Amino acid sequence: MAVSDSAVSASTATGGAVATGGSRGAAAAGSSSLTAKWSVEGEAMCPYRLVLEHVTSRWGVLVLIVLLERPYRFSELRRAIGRVSEKMLTQTLQTLERDGLVNRDAKPVIPPRVDYSLTDLGREAADQVKTLASWTEQRMDAVLEARQAYDELRARQANGEARA
């Protein structure tokens, strides 16, 4: 991708245009260093969107909700979440730790023991995310009905266009 998602989000939020046709956009298309610069600029312009992406990401949501229960060791957390690779869980935990939402407690024992828990800030975020997850579960029937109505309408439109 030539321009990072955070740069696009930040530019859109501030009313700016994302440079895709100009010299900077063309240069960014072939340069990973410029792409990294776009990410840094995007984070500086609109940092709350980046945090929102971290908190509401596929694995971020699940990590936060599971850690509401109690501190977990890495392998316990991975089992509790299910179907997450070690790499993705590690990246998610590091990101949430950087944002101040997760605490990593490495104990100097053999074998090494690392526990993950929520910070006070992380508990606040997790409570909000859990509320959204609960709403989703409670309203899933309405969502499924809306999807079915949408799909039926699109199918009728496609059939009408095919006959015309």
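Tabulated data
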{"quantity": "Matching residues in region 94-116 - criterion: being among the polar types (S, T, N, Q) and more than 15 Å from Leu77 (Cα to Cα)", "calculated": "Thr95"}
{"quantity": "Residues of region 77-90 classified as surrounded by 14 or more Cβ atoms within 10 Å (Cβ to Cβ) and over 15 Å from Leu118 (Cβ atoms), total", "calculated": "4"}
{"quantity": "Flag if Ala106 is at pLDDT 70 or above and farther than 30 Å from Leu132 by Cα", "calculated": "yes"}
{"quantity": "Region 58-88: number of residues that are closer than 15 Å to Asp127 by Cα and not in a helix (DSSP H, G or I)", "calculated": "3"}
{"quantity": "Sole residue being loosely packed, with under 12 Cβ neighbours inside 10 Å and modelled with pLDDT of 95 or more, chosen from Glu145, Glu161", "calculated": "Glu145"}
{"quantity": "Output for region 83-131, where each listed residue is within 14 Å of the chain's Cα centre (by Cα), closer than 16 Å to Leu68 by Cβ and among the hydroxyl-bearing types (Ser, Thr, Tyr)", "calculated": "Thr92"}
{"quantity": "Flag for Leu68 being out of contact with any Lys or Arg (no Cβ under 7 Å at 6 or more places or on another chain) and touching a residue at least 12 places away in the same chain (Cβ under 8 Å)", "calculated": "no"}
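Here is a yes/no grid of residues against (1) outside the structural domain of Ala125 (by TED's automatic domain parsing); (2) touching a helix residue (DSSP H, G or I) at 6+ places or on another chain (Cβ under 6 Å); (3) modelled with pLDDT under 50:
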| residue | (1), (2), (3) |
| --- | --- |
| Ala10 | yes, yes, yes |
| Thr20 | yes, no, yes |
| Arg24 | yes, no, yes |
| Lys37 | yes, no, no |
| Trp59 | no, yes, no |
| Val66 | no, yes, no |
| Glu69 | no, no, no |
| Arg73 | no, no, no |
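The values are calculated or read from the model by the stated rules, or taken from the named source; none is laboratory data. The shown structure was predicted, so the numbers you read here are calculated from the model rather than taken from an experiment. Here Cβ is always computed from backbone atoms with ideal geometry, including for glycine, and neighbour counts include all displayed protein chains.
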